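Before any comments, here is the structure.
The values are calculated or read from the model by the stated rules, or taken from the named source; none is laboratory data. Model, not experiment: these values are computed from the prediction. Here Cβ is always computed from backbone atoms with ideal geometry, including for glycine, and neighbour counts include all displayed protein chains. For accessibility, only protein heavy atoms count, side chains too; no ligands or nucleic acids. Shrake-Rupley method; radii C 1.70, N 1.55, O 1.52, S 1.80 Å.
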Amino acid sequence: MRERLRARDLAPGSRLRLECIRLMGRGLTVPEGANPLECNDVTVRDAVHRFEAGGFDTLADAPRCGRPASVTREDREALAALLDESARQGLTWTAAALCDWLAAERGVRVSAAWLTELLHRDGFRWKRTRDTLRHKADPVLQQAARARATPSASTPPPKQSAPPLTKPWTANARASKDQQQTSPKPLRAAACPRWR
């Protein structure tokens, strides 16, 4: 049992059924065995019935229908090594370019959408790159442009004056329009109720 549980290529379903048998072998009941494994009682009972019917061989996952996976674990590890090395060198890849690399180097044909899904499962993330011309810029010209754009400390900042009061408000709010036109008097903010 311990040797089977230590196998690295053990499928998750097979591992769960082996754990069920291990806990039942310790004398636990079905609900007590299902609780630490965080599975249903039916799963534990099914594993016990399969083991009683045919031993360890019946605990393995049944073969799945459909074609085998086109991208194997070795292909994914080679792809991960390529991406890690490219990241150290500052190189970026698109999903289509990675598909071309897999076809040329490993003989594997896969769509860009499925390869993106596999990379997400392996912990890689996609990030949009930014176009930049920094690598082509001359550092001397950049420094001169920064010096021209930065104001020097000796020049004082321009003075900002408050806009003049242009509306002819009077102290008496009931004054006629004729009085306002003939004698406009600018007021302070405290004299006008609207400015409070």
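In this structure the range 1-159 gives 80 Å² per residue of accessible area when probed at 1.4 Å with all protein chains present.
For the range 1-48, which GluC sites (Glu not before Pro) are both in a DSSP coil and crowded by at most 15 other Cβ atoms within 10 Å? Show your work: numbers first, answer last.
On the way: sites: E3, E19, E32, E38; in loops: E38.
Within the range 1-48, the qualifying GluC sites (Glu not before Pro) (loop, at most 15 other Cβ atoms within 10 Å) are E38.
Label-to-label distance, D41 versus E74, with points set 7 angstrom from Cα along the beta-carbon direction: 4.7 nm. For the range 41-56, 3J(HN,Hα) computed residue by residue from phi via the Karplus equation (6.51, -1.76, 1.60; θ = phi - 60°) reads 4, 4, 5, 5, 4, 4, 5, 5, 5, 5, 5, 5, 6, x, x, 5 Hz, glycine and proline entered as x.
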